[in-house]
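First comes the structure, then the notes that go with it.
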């Protein structure tokens with residue numbers, strides 16, 4: 001398992017469009033991927049799950065993955081968040 005924390009800095013957090021981009025990116029990987037806020041952990045490939053966390057600007061989340069491409073999955077999603085979803089727009 002590979003785990004990393006990241007703080008969301010874009011204005012709207014992981015809502016609507018950024019959440020969709022996040023899920024699309026997560027689905028590029030074979031690993032089982034989770035995103036957690038505080039004690040709540042959801043499937044990072046589920047739009048409803050990600051939206052249910054209510055992630056806004058300044059919130060730190062934990063992304064974890066388990067599988068063949070776990071490190072690449074976590075690093076790719078962290079990079080997406082830290083770039084403020086720049087490559088998706």
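Just so you know, all these numbers are worked out from the coordinates, no wet-lab data involved. Predicted model only: the values in this text are computed from it and were never measured. All Cβ positions, glycine included, derive from the backbone under ideal geometry; neighbour counts span all protein chains shown.
Observations on the structure shown:
- Extension gain for residue 39-residue 5 works out to 10.9 nm (0.36 nm per residue, less the C-alpha to C-alpha distance).
- Value of D in µm² per second that Stokes-Einstein yields for region 25-77, Kirkwood Rh from Cα pairs, at 4 °C (1.567 mPa s): 116 µm²/s
- From least to most packed, judged by other beta carbons within 10 angstrom and beginning with the fewest, 42, 74 follow the order 42, 74.
- The ratio of the alpha-carbon radius of gyration of the chain to the globular-protein estimate 2.2 N^0.38 Å is 0.94.
- Our estimate of slack between residue 56 and residue 12, defined as 0.36 nm per intervening residue step minus the Cα-Cα distance, is 15.2 nm.
- The chain, relative contact order [Cα under 8 Å, separation at least 6], %: 44 percent
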